[in-house]
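Okay, structure first, notes after.
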Amino acid sequence: MENHFERQLKKGVLDMVVLGFICKQPNYGYELLTQMDKQSNGILAIKEGTLYPILYRLEDDQLIVAEWQTSEGRAAPKKMYTATAKGRCVLKSQEATWKKFVSCINQFCEED
């Protein structure tokens, strides 16, 4: 079970993480959930109820676009999420800020 500190850390970075996954490769919501869980060894495992508001927010901010697609043998369409040029720029900025933050915290944790 996650403690409060872990939940707050995760909450603070999920928009950046989701945008990062989409910038690497356009994807569907369910596949994003699976990839985030697998690549983070469960640390960034989230539920659909957490992911979709993030996707809607990123879309509202014009950082990603969604397009309905159907695949062969599947009747129901799925939304494919793709990063925009603005989204790629914002991700680079967020990653730079994150690296500065991590460096600062690492220095703080290493102090005697």
Item checked: Gaussian network model of the chain, springs between alpha carbon atoms under 10 Å - residue of Val102, Val13, Val90 with greatest fluctuation -> Val102
Notebook entry, point to check: Can you pull out the trypsin sites (Lys or Arg not before Pro) in the range 1-77 that DSSP calls coil and that have at most 11 other Cβ atoms within 10 Å?
Noted result: Lys47, Arg74
Check: Roughly how large, in nm² to one decimal, is the mean projection of the convex hull of the alpha-carbon atoms in the range 13-79?
Finding: 4.8 nm²
Check: For the chain, with every protein chain kept in place, what is the accessible area per residue (1.4 Å probe, Å²)?
Finding: 72 Å²
Notebook entry, point to check: Between Leu9 and Tyr52, what length in nm is gained on full extension when 0.36 nm per residue of separation is reduced by their alpha carbon distance?
Noted result: 13.6 nm
Checklist line | Helix-derived mean residue ellipticity, 222 nm - over the chain, DSSP H n ≥ 4, -39500 (n - 2.57), to 500 | finding: -21500 deg cm²/dmol
Note to self: Please compute the length gained on full extension between Ile105 and Ala85, using 0.36 nm multiplied by the number of residues separating them and subtracting their Cα-Cα distance.
What the structure shows: 4.2 nm
Next item on the list: Set Lys and Arg Cβ to +1 and Asp and Glu Cβ to -1, take the dipole of the chain about its Cα centre, and tell me which of Thr70, Ala45, Phe21 lies farthest positive.
Entry: Thr70
Next item on the list: About the Cα centre of the range 1-98, how large is the charge dipole given +1 on each Lys and Arg Cβ and -1 on each Asp and Glu Cβ? Please answer in debye to the nearest 20.
Entry: 100 debye
Next item on the list: Calculate one ³J(HN,Hα) per residue across the range 102-108 by plugging θ = phi - 60° into the Karplus curve 6.51 cos²θ - 1.76 cosθ + 1.60, and present them in order as whole Hz with x for glycine and proline.
Entry: 4, 4, 4, 5, 4, 5, 4
Next item on the list: For the chain, give the percent of accessible area contributed by carbon and sulfur heavy atoms, probe 1.4 Å, rounded to a whole number.
Entry: 55 percent
Item checked: At 0.692 mPa s and 37 °C, Stokes D of the chain from Kirkwood alpha-carbon radius, µm² per second -> 214 µm²/s
Note to self: What does the extension gain come out to for Trp98 and Glu31, with contour length at 0.36 nm per residue minus their alpha carbon separation?
What the structure shows: 21.6 nm
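The values are calculated or read from the model by the stated rules, or taken from the named source; none is laboratory data. It should be emphasised that the depicted structure is a prediction, and the values quoted were computed from it without experimental measurement. Ideal geometry is used to build each Cβ from the backbone, glycine not excepted, and the neighbour counts take in all protein chains shown. In case anyone asks, the SASA skips ligands and DNA or RNA and just uses the protein heavy atoms, side chains included. Shrake-Rupley method; radii C 1.70, N 1.55, O 1.52, S 1.80 Å.
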